[in-house]
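Let me begin by presenting the structure, written as structure tokens, before commenting on it.
The values are calculated or read from the model by the stated rules, or taken from the named source; none is laboratory data. Given the structure is predicted, the values throughout are model-derived calculations rather than measurements. All Cβ positions, glycine included, derive from the backbone under ideal geometry; neighbour counts span all protein chains shown.
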Amino acid sequence: MPDNNPLLQHWDLPPWPDIRAEHLVHAIDTLVADNRKAIAGIIASQSTTPNWDDLVLAVDETDARLDEAMGVIETLSMVKHEGKAWDAASGTCRDAAAQYKSEKMGNHALFRAYQRLAQSPAAANYDEPRKAVLNKILRRFRLSGIDLPIEQQQTLARLNRDIGVLQSLFLTNLEGASAAWSKRIDDISQLRGLSAATLERLTVNAQQAGHDGWLMRLDQDTYTRVMAYAEDRSLREEYFVAYSTRASDQGPHDRQFDNGPVLELLLSMRHQKARLLGYENFAQLSLVTEMAESTEQVTGFLRRQIVQATPELEKDAQELKAFALERGMTEVHPWDHEFLAEQLRQQRLGGALKNLRTYFPLDGTLQRLCLFSERMFGIRIVEQKECSRWHDNVRLFEISEHGQVVGYIYLDPFHRDEAPDFAWTATPRNRRVNAEGRLTLPIAVLHGNFTPGIAEHPCLLAHKDLRVLFHEFGHCLQHVLTRSPHHRLSGITQLGRDSAEFTGQLFELWCLSGEFLLWLAAHHQTGERLAEARVDAALAAIQTQTSRQTAELLMSALFDFELHRSQGDGRSVEQIFDDVQREIPHLQLPPYCRFANSFDYLVTGYAASVYAYKWSGVLATEVFKRFQREWVFNPQTGKAFREAFFSPGDSRSLLVALEEFLGQPIADSFFATPSSSRCPLN
């Protein structure tokens, strides 16, 4: 391969369309070889009297080059499909990078150099961020098994490799199961209740498959719309069954893509890994980088949240049952809940939600979101019309402060078959300053997974879409607005899951502020603004019959945590799920449902961490109260928030940042594990 491999060139922004399958393996092999040589040289010079620049920054530079190349590869692997050649090459790169990192974290000479630096007189005078970097590096070595006997280190390396393989297989099975199902519809009356935009999308699906009529596929957006708006009850049931049995031993593709055995083996291997490292279970291991102090604290928190949510859940369930009886339905099934809830909202609040999305066109909403962010955080956001991109729909935003560029955000707004069926934020590059003082700017990528506009219908955001956009944009801002110069502190992937999700949860709360929505909303055709009464009615409707969503989050969080806390107690995955369901009334699913088999959070970095959504959400609510007191557009409050949560990176805990911003300690009741709380499941 010639030296013009785009992954090996210096670039300010990645040359996305220039990167092809044949570039990948050569680039990563070259970087790994260069890194091995560099690490050997660093050890030779730093074994006796290590110093910050020649040890920490020098090693960080090698890590950053590999991380950035892999970040570009992984981003492209998610957003575009280049066929089997790309899949094979990216898989080889993933394995090579993982093998190198495992080798590096098992390097005793390198570990001892870091230890000597941490114990040196110079380190005693380091500032808190530098001390945090050293502590984090030493912790990573220990969590990589550096203190284990050689045989156990080899076992740990094998477990890590096998865990990675199983996680990939889980996603492959899920993608295969989803792609294998479709439903062709010739009679439009079956689709009554669905919007014109949704119908047009189903028409395009059919045309792409060479059919007339409409074609439904198993994607998240279609599922959400069918469950909420399709009047044909049998259609909702059929779609629900197909969706809730994906990748399982049930449903239309019985066992063909079954994730059941994959998950059982994956859980066992994670448990073995935790025990090797000296932890009771994987849930306990997962808390090492989190704010929570113990598994008991997490389960106690979740169960208190369940107790608090139960009265509202019971009230909503009875209300929905009565509403169903009025419509001649003697029993409410899971495929009825969201449809009935939507009908109830429409009936009770006079159509406050009808055509609400027409006031939130993607382009206009994004423009106002940028203006708001500029005001609150003292920055400038400018879209770059000419840029390298992987798809024509991708947009690039340059973030600057005081006339200096501080980072970049790519927006990939729409759902595509080749991309994952959920919204996410990727971070191909962290901010860092090297030993020569050269600054490398951070890059974030926001994939919205929104339904693209068709013909005369532009992309219009439902309120749920609005929250997704704000949530992911919050992640992006946190990534690019850090002032930390340290590669190991500056990216959101360096944060614990609770800290990483906190900002996204906070940004969603602006979408629930009437004052904010009055400013944000503008009709996509006329520019008409919403009246205050309409906003109040819409928010009331949006917050009607939401207890089930809260319960579903708590159920998934407790289930995830229990799976990893109680591994080896003799219960199967399904038995644990049934036990957790019994803790949450009115949330029973049919016995054929296989929730775990398609719960991708288990294999995408959230294992034993789903609870962080609720944990950080509760904390975000407390923080947002200050914005409400001081005005939701107050730039001084925004500046204080940025200094507390964005600027430091991972140099201090979320708890310290919270107490600084709120000006008071976090209430002990939030963290307490009262003796009256239920015992963990056995």
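Just to verify a result, which residue in the range 180-198, among those that are aliphatic (A, V, I, L, M) and modelled with pLDDT of 90 or more, is surrounded by the most Cβ atoms within 10 Å (Cβ to Cβ)? Spell out the reasoning first.
Here is the first cut: in the range 180-198, the ones aliphatic (A, V, I, L, M) are 180, 185, 188, 191, 194, 196-197.
Checking the rest, the ones that are also modelled with pLDDT of 90 or more come to 180, 185, 188, 191, 194.
Values: A180: 15, I185: 17, I188: 13, L191: 21, L194: 23.
Step by step, filter the range 180-198, then rank; the result is L194.
How about the range 135-179: which of its residues are of a type in the set (D, E), surrounded by 15 or more Cβ atoms within 10 Å (Cβ to Cβ) and within 30 Å of D650 (Cα to Cα)? Break it down stepwise before answering.
Taking the range 135-179 as the starting set, the residues that turn out to be of a type in the set (D, E) are 147, 151, 162, 175.
Imposing the further condition that a residue be surrounded by 15 or more Cβ atoms within 10 Å (Cβ to Cβ) reduces the set to 162, 175.
Listed by number, the list holds a single entry, D162.
Answer yes or no: is there a residue in the range 413-424 that is over 26 Å from V72 (Cβ atoms) and exposed (fewer than 15 other Cβ atoms within 10 Å of the Cβ). Write out each step before concluding.
So in the range 413-424, the residues over 26 Å from V72 (Cβ atoms) come out as none.
Scanning the range 413-424, I find no residue that is over 26 Å from V72 (Cβ atoms) and exposed (fewer than 15 other Cβ atoms within 10 Å of the Cβ), so the answer is no.
Please go through the range 568-596 and pick out each residue that is outside any helix (DSSP H, G or I) and of a type in the set (D, E, K, R). Even if it seems obvious, please write down each step before you answer.
Of the residues in the range 568-596, the ones outside any helix (DSSP H, G or I) are 568-572, 584-594.
Result: D569, R571, R594.
Does at least one position in the range 496-511 carry a residue that is outside any helix (DSSP H, G or I) and over 20 Å from S286 (Cβ atoms)? Walk me through it before giving the result.
First pass over the range 496-511, keeping only residues outside any helix (DSSP H, G or I): 496, 511.
Next cut, over 20 Å from S286 (Cβ atoms) only: 511.
Yes, that holds for at least one residue.
Please go through the range 495-514 and pick out each residue that is modelled with pLDDT under 95 and more than 14 Å from F645 (Cβ to Cβ).
Within the range 495-514, R497 is the sole residue that qualifies.
Going through the range 98-110 one residue at a time, which ones are within 21 Å of L489 (Cβ to Cβ) and either among the aliphatic types (A, V, I, L, M) or over 32 Å from the mean Cα position of the chain (by Cα) (or both)?
M105, L110
Return the residues of the range 210-250 that are in a loop (DSSP other than H, G, I, E, B) and farther than 20 Å from P420 by Cα; say none if nothing qualifies. I'd like the intermediate steps shown before the answer.
Let us first name the residues in the range 210-250 that are in a loop (DSSP other than H, G, I, E, B), namely 210-213, 218-219, 230-232, 245-250.
The answer is G210, H211, D212, G213, A230, E231, D232, D249, Q250.
Output the residue which, of all residues in the range 307-363 that are among the hydroxyl-bearing types (S, T, Y) and in contact (Cβ under 8 Å) with a residue 60 or more places away in the chain, is nearest to L554 (Cα to Cα).
Within the range 307-363, the subset among the hydroxyl-bearing types (S, T, Y) is 310, 330, 358-359.
Right, trim to in contact (Cβ under 8 Å) with a residue 60 or more places away in the chain and you get 310, 358-359.
Values: T310: 11, T358: 32, Y359: 32 Å.
The extreme case among them is T310.
Quickly run through the range 529-539 and pick out the residues that are surrounded by 15 or more Cβ atoms within 10 Å (Cβ to Cβ) and not in a loop (DSSP other than H, G, I, E, B). Please lay out each step first, then the result.
Of the residues in the range 529-539, the ones surrounded by 15 or more Cβ atoms within 10 Å (Cβ to Cβ) are 529-530, 534-539.
R534, V535, D536, A537, A538, L539 - these are the residues of the range 529-539 that are surrounded by 15 or more Cβ atoms within 10 Å (Cβ to Cβ) and not in a loop (DSSP other than H, G, I, E, B).
Please work out which residue is modelled with the lowest pLDDT, limiting yourself to the range 430-458 and to residues that are buried (at least 17 other Cβ atoms within 10 Å of the Cβ) and of a type in the set (A, V, I, L, M, F, W, C).
Top of the filtered list is F450.
Here is a list of conditions, (1) buried (at least 23 other Cβ atoms within 10 Å of the Cβ); (2) assigned to a loop (DSSP other than H, G, I, E, B); (3) without any contact (Cβ under 8 Å) to a residue 24 or more places away in the chain, and T526 meets all of them except one; can you say which number that is?
All conditions pass for T526, except number (1).
Out of T245, T222, report the one residue that is buried (at least 21 other Cβ atoms within 10 Å of the Cβ), free of Cβ contacts under 8 Å to residues at least 40 places away in the same chain and closer than 21 Å to L589 by Cα.
T222
All but one of (1) of a type outside the set (F, W, Y); (2) touching a strand residue (DSSP E or B) at 6+ places or on another chain (Cβ under 7 Å); (3) modelled with pLDDT of 90 or more hold for R201; which doesn't?
Result: R201 passes all but (3).
Modelled with pLDDT of 95 or more and of a type in the set (A, V, I, L, M): is that true of V56 in this structure? Reasoning before the result, please.
Numbers: modelled with pLDDT of 95 or more: yes; of a type in the set (A, V, I, L, M): yes.
So V56 passes the test.
I'm told K104 meets every condition in (1) modelled with pLDDT under 95; (2) within 23 Å of A157 (Cβ to Cβ) except one. Can you identify the failing condition by its number?
(1)
Could you tell me whether T427 is crowded, with 21+ Cβ neighbours inside 10 Å, in the same structural domain as R395 (by TED's automatic domain parsing), among the hydroxyl-bearing types (S, T, Y) and closer than 27 Å to F641 by Cβ? Quick ask: steps written out before the conclusion?
Working: crowded, with 21+ Cβ neighbours inside 10 Å: yes; in the same structural domain as R395 (by TED's automatic domain parsing): yes; among the hydroxyl-bearing types (S, T, Y): yes; closer than 27 Å to F641 by Cβ: yes.
It is true that T427 is crowded, with 21+ Cβ neighbours inside 10 Å, in the same structural domain as R395 (by TED's automatic domain parsing), among the hydroxyl-bearing types (S, T, Y) and closer than 27 Å to F641 by Cβ.
Inside the range 204-237, can you point out the residues that are over 27 Å from the mean Cα position of the chain (by Cα), at pLDDT below 95 and acidic (D, E)?
Within the range 204-237, just D212 meets the criteria.
Can you spot a residue in the range 276-289 that is acidic (D, E), under 29 Å from the mean Cα position of the chain (by Cα), at pLDDT 95 or above and surrounded by fewer than 16 Cβ atoms within 10 Å (Cβ to Cβ)?
The initial filter retains those residues of the range 276-289 that are acidic (D, E), namely 280.
Now restrict to residues that are under 29 Å from the mean Cα position of the chain (by Cα): 280.
Among the residues that remain, those that are also at pLDDT 95 or above are: 280.
Next, only the ones that are surrounded by fewer than 16 Cβ atoms within 10 Å (Cβ to Cβ) stay: 280.
Yes - at least one qualifying residue is present in the range 276-289.
Between a residue in the range 390-414 that is small (G, A, S) and any residue that is at pLDDT 95 or above and not in a strand (DSSP E or B), which pairs come within a Cβ distance under 6 Å, given they are 6 or more apart or on different chains?
G407/L441; G407/P442; G407/V480
Could you tell me which residue of the range 581-617 is surrounded by the most Cβ atoms within 10 Å (Cβ to Cβ), considering only residues that are among the β-branched types (V, I, T) and modelled with pLDDT of 95 or more?
Pass one, the range 581-617, residues among the β-branched types (V, I, T): 584, 603-604, 610.
Next cut, modelled with pLDDT of 95 or more only: 603, 610.
On the way: V603: 21, V610: 25.
So, considering only residues that are among the β-branched types (V, I, T) and modelled with pLDDT of 95 or more, the one surrounded by the most Cβ atoms within 10 Å (Cβ to Cβ) is V610.
Counting just the residues of the range 645-666 that are of a type outside the set (F, W, Y) and under 18 Å from F473 (Cα atoms), which one comes out farthest from the chain's Cα centre (by Cα)? Talk me through it step by step, then tell me what you get.
Kept after step one, since they are of a type outside the set (F, W, Y), are these residues of the range 645-666: 647-660, 662-666.
Applying the additional criterion that residues be under 18 Å from F473 (Cα atoms) yields 647, 649.
Working: S647: 21, G649: 18 Å.
Among those that are of a type outside the set (F, W, Y) and under 18 Å from F473 (Cα atoms), it is S647.
Any chance you could count how many residues in the range 370-399 are under 21 Å from S647 (Cβ atoms) and of a type in the set (A, V, I, L, M, F, W, C)? Outline the logic, then answer.
Let us first name the residues in the range 370-399 that are under 21 Å from S647 (Cβ atoms), namely 370, 372-381, 397-399.
From what's left, of a type in the set (A, V, I, L, M, F, W, C): 370, 372, 376-377, 379, 381, 397, 399.
Going through the range 370-399 one residue at a time, the tally reaches 8.
Taking the condition of a type in the set (F, W, Y) and buried (at least 18 other Cβ atoms within 10 Å of the Cβ), does F372 pass?
Details: of a type in the set (F, W, Y): yes; buried (at least 18 other Cβ atoms within 10 Å of the Cβ): yes.
Answer is yes for this residue.
Sort out for me the strands (runs of 3 or more DSSP E) sitting completely within the range 390-495 that have 2 or more residues that are over 17 Å from Q367 (Cα atoms). Step through it out loud before you land on a result.
Numbers: elements: 395-401, 404-414, 424-429, 443-450.
Strands (runs of 3 or more DSSP E) meeting the threshold: 404-414, 424-429, 443-450.
In the range 111-149, how many residues are farther than 23 Å from G496 by Cα and under 30 Å from the mean Cα position of the chain (by Cα)?
0
Name the helices (runs of 4 or more DSSP H) wholly inside the range 91-161 in which the number of residues that are of a type in the set (K, R) and in contact with a helix residue (DSSP H, G or I) (Cβ under 9 Å, 6 or more places away or on another chain) is 3 or more.
Working: elements: 108-118, 121-124, 128-143.
The qualifying helices (runs of 4 or more DSSP H) are 128-143.
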